[in-house]
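The structure under discussion appears below in the form of structure tokens.
The values are calculated or read from the model by the stated rules, or taken from the named source; none is laboratory data. Computed from a predicted structure; not experimentally measured. FYI the Cβ positions are ideal-geometry reconstructions off the backbone, even for glycines, and counts take in every protein chain you see. We work out accessible area using only protein heavy atoms, side chains counted, and drop any ligands, DNA or RNA first. Shrake-Rupley method; radii C 1.70, N 1.55, O 1.52, S 1.80 Å.
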Amino acid sequence: MRQEHERELEEYLRVRMPHLRRLAYLLTGDFDRADDVVQATATTLYLKWRQVRAAGNIDAYVRRMLVHTFLGERRLAWARTWLTDRLPERPAAAPPTDDAIVVRAALRRLPPRQQAVLVLRFLCDLPVNEVAATLGCAPGTVKSHTSDGLAALRRLLEPGDRAASAFGGGTR
């Protein structure tokens, strides 16, 4: 029976891995960290596969596991530490011109839960109730995180910036 469960899990991960990696990348903004989050989620999934199989919506269950893994990682002190053999370079005088780069950089500066809400709502196109279920909070909390996160993004993006106008911001 154990081999059957392992085959099911292997098949599930084979099919869903690109989606999990995409979500993890959207949350972390870094391919290596995204792979770490996916690997940690896959390990937990292996340990809880029988319980997960019994869930009505396996994809939602696994997505919730991945988001919680991301949020849990962000709480750890080592997640805020960058090891390098060089001194940090001074920031470039001119900001990047690519809107996606500017928005992603601003998104990384938000608190983790606001960041997760915005990624799930706008980049994964999930409804409020599904985001609430994923994060284990009330729909009203998702709405307030969405509102606060968008307001913070507007503040972080320069007035008149094309990326700011994509969020209904811009000049204030």
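Across region 109-126, the qualifying residues are those that are under 10 Å from the mean Cα position of the chain (by Cα), in contact (Cβ under 8 Å) with a residue 40 or more places away in the chain and open to solvent by less than 60 Å² (accessible area, probe 1.4 Å), and the one among them that is nearest to L156 (Cα to Cα) is Q115. Per the conditions (1) open to solvent by 80 Å² or more (accessible area, probe 1.4 Å); (2) assigned to a helix (DSSP H, G or I), the sole criterion not satisfied by G56 is (2).
Would you mind stating whether T43 is modelled with pLDDT of 90 or more, open to solvent by 30 Å² or more (accessible area, probe 1.4 Å), over 19 Å from H19 (Cβ atoms) and in a helix (DSSP H, G or I)?
Details: modelled with pLDDT of 90 or more: yes; open to solvent by 30 Å² or more (accessible area, probe 1.4 Å): yes; over 19 Å from H19 (Cβ atoms): no; in a helix (DSSP H, G or I): yes.
Taking the combined requirement at face value, the residue does not satisfy it.
Scanning region 17-32 for residues that are charged (D, E, K, R), out of contact with any Asp or Glu (no Cβ under 8 Å at 6 or more places or on another chain) and surrounded by 12 or more Cβ atoms within 10 Å (Cβ to Cβ) gives R22, D30.
When region 1-42 is filtered for residues that are among the hydroxyl-bearing types (S, T, Y) and under 18 Å from the mean Cα position of the chain (by Cα), the ones remaining, listed by number, are Y25, T28, T41.
From the list R64, R90, R113, R74, the lone residue that is charged (D, E, K, R), modelled with pLDDT under 90 and in a helix (DSSP H, G or I) is R74.
Selection of first residues in region 25-49 that are in contact (Cβ under 8 Å) with a residue 60 or more places away in the chain and of second residues that are buried (at least 17 other Cβ atoms within 10 Å of the Cβ), restricted to Cβ pairs under 6 Å at least 6 apart or on distinct chains, gives the following pairs, ordered by first then second residue: L26/V119; L27/F70; L27/V119. Close Cβ contacts (under 9 Å, 6 or more residues apart or on different chains) running from residues in region 127-143 that are at positive phi to residues that are of a type in the set (K, R) and part of a loop (DSSP other than H, G, I, E, B) are absent.
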